[in-house]
Structure formats: structure tokens, C-alpha cells
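Read through the structure below, which is laid out as C-alpha cells, and then see the notes.
Since every read-out is calculated from the coordinates, none of them should be taken as a lab result. Note that the structure is a prediction, hence the values are computed from the model and not measured.
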Amino acid sequence: MIAVGRTVNLEVLVDLKLEDIVGKSIVFIGDAKSVNGMAYVAEKEGVDAVNFLIKEVSCEFCIHTNSLICSSRTMEISQCFSKNIAIPYIVFSDPEIAVVGLTEKSAAEKGIKVKIAKYLYRQMGRSHCDGEIAGEVKMLVSAGSDKVIGVQLFGACATEIIQIASILMHTGMNYQEWIEMIWPHPVYCEIFKEALKNLK
């Protein structure tokens, strides 16, 4: 594997002069943000950017929906960008990899104490039915709020089922409410319920 990484693309700004910027609203999306390189995030940012520029929504709305960095008059870019953690990151490897929310390291940097739940693919019926027993989930639960704040997953269909974790994290449900949901069986996504049951 060759992984050379990504870097911010600021070529669009090379020809901008100070008089072109002062007093105007400027929005940055996609590569110009250097937050992540996911096309699906840039797509969402593009929609929010247009809505912001035509005044359909406020900048505050954009911040709360994973969206754009913007500079409007005296506003500093660093003061106006999404800190929403629930953007899924996916890798189409074999097995697949998917992550949403905080990691142990980022939670520690924010001073958040966590409880950790893990579960193996080989412990699930669906994995054995499909012959896809390689994989594991790791879930971070805030020790203070009992809410799931991070999910790291690798295994079959990880890039598909991570969105379920993302949606449930957005609802703000605590981990016990995740467990009490009715999950189909046998399916891959029930790995979240089984992992969280280990916290009981």
C-alpha cells in the first residue's frame, strides 16, 4: 500500500487580493478545508455553502451540520467550523474499515473519560453464515453521560453499517437505549448491541 496522505489545496486563493476578501463572505469546502478528504463530506458542504451564501441559513446552522469553514467580514476561520464528531470515515479494504466519532486518544485530549465495549465478528451468527468471521468492533461510551461517542469497526459490511452507529449517535441515546432497541437477527449491525451488552 502506498499512503502519501493529503494536503490542503489552496491554489484557488493564489490570485485573491485583500480587497477581494474584505467585507465579503467567503466559504471553503472540500480540499480547501483540509479537515478530511471525503467526497461525501464535500458534497454536503457544497449544499450548505450555497444555502449560506444565498442567506437561506445562518452560519450557525452550517456549524451544527458538519459543514463549512467560512470567513465573513471579521470572523476568524477557526471560530467557524464544524466540531461535530459524527462524520463516518470508511476504507474499502478487505476487511472493510469504518470509524465514526471519537477515538480513545481524541477523547483523552478532550478530557472525556470513557468505557470501552468490544465484540468479535466470530461471535455472531451472520458472520458464520457468510464465512466472514474476521473482524471486531470497539465502542467508546462516555463515563459521564453513558452515550456512545465513538465506534471503530472492521469486518464485512463495515462501510455499510457504520451509518447506523452514526445515526444513533446523533439521536443522543444512551448505550442502554441502544441495547433495548429491537435488532434483526442474524445481521451484522447487531454487533453494536452485543458489544454494548458487555458494559452491563
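The table for this structure:
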| item | result |
| --- | --- |
| Unsatisfied cross-links (Cα-Cα over 22 Å) in the set K110/K193; K105/K138; K147/K197; K115/K193; K113/K197 | K110/K193 |
| Amide H contacts under 5 Å for W183, placed H, 5+ residues apart | none |
| Potential lengthening between K118 and V187 on full extension [0.36 nm per residue; Cα-Cα distance subtracted] | 23.1 nm |
| Percentage, to the nearest whole number, of Cα pairs in segment 111-194 over 20 Å apart | 29 |
